[in-house]
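Reviewing the structure listed below.
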C-alpha cells in the first residue's frame with residue numbers, strides 16, 4: 001500500500017470532477033493500492049465553505065473521504081513547529097507548509113497536491 005497524504009486541492013478538484021485535474025484526482029482517490037492520510041488542516045479547508053454554503057453533496061463527499069482515512073496527522077504542536085521551519089527554509093506559504101509537515105509527521109510515501 002502507498003501511504004498518500006491528500007491535499008485539500010485534490011479533494012476539491014475530485015469533487016468538481018470537471019477538468020482533467022479533477023478526473024485525475026478522482027482516479028487517485030479510487031486507487032485501491034493507496035491508504036490515505038489527512039489532517040485537521042485539510043478538513044478545515046474543505047468543509048468550512050461547503051457547510052457554510054449548505055452544499056450537502058459536497059459535505060458528504062468530503063465526509064466520506066475522511067471516514068475512509070486510516071491515518072491522521074494529529075501531533076499538532078510538532079507539525080506547526082516543523083511547518084514554521086519548512087516555511088522559513090523554503091519560502092512556502094503557511095498552509096502548504098502545514099500540509100508538508102503533516103505528511104512528514106505520518107511518514108507518508110507521497111503528498112499529492114494540485
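The values are calculated or read from the model by the stated rules, or taken from the named source; none is laboratory data. Predicted model only: the values in this text are computed from it and were never measured. Neighbour counts run over all protein chains shown; Cβ positions are idealised from the backbone, glycine included.
Remarks
- Meets criteria (within 17 Å of the chain's Cα centre (by Cα), within 19 Å of residue 114 (Cα to Cα), at pLDDT 95 or above and not in a helix (DSSP H, G or I)) for residue 3: yes
- Failed item, numbered, when residue 40 is tested on (1) more than 29 Å from residue 20 (Cβ to Cβ); (2) crowded, with 17+ Cβ neighbours inside 10 Å: (2)
- Residue in the range 91-108 that is surrounded by 13 or more Cβ atoms within 10 Å (Cβ to Cβ), touching a residue at least 40 places away in the same chain (Cβ under 8 Å), outside any helix (DSSP H, G or I) and within 16 Å of the chain's Cα centre (by Cα) present: yes
- Just one of the numbered conditions (1) buried (at least 18 other Cβ atoms within 10 Å of the Cβ); (2) free of Cβ contacts under 8 Å to residues at least 12 places away in the same chain is not true of residue 12: (2).
- Test: residue in the range 53-73 that is farther than 18 Å from residue 3 by Cβ, touching a strand residue (DSSP E or B) at 6+ places or on another chain (Cβ under 9 Å) and surrounded by 11 or more Cβ atoms within 10 Å (Cβ to Cβ): no
- Test result for residue 79, assigned to a helix (DSSP H, G or I), surrounded by fewer than 18 Cβ atoms within 10 Å (Cβ to Cβ) and either free of Cβ contacts under 8 Å to residues at least 12 places away in the same chain or touching a strand residue (DSSP E or B) at 6+ places or on another chain (Cβ under 9 Å) (or both): no
- Looking across 59, 46, one residue alone is in contact with a helix residue (DSSP H, G or I) (Cβ under 6 Å, 6 or more places away or on another chain) and free of Cβ contacts under 8 Å to residues at least 24 places away in the same chain. It is 59.
- Residue match in the range 26-49 (condition: assigned to a helix (DSSP H, G or I), out of contact with any strand residue (DSSP E or B) (no Cβ under 6 Å at 6 or more places or on another chain) and more than 23 Å from residue 100 (Cα to Cα)): no
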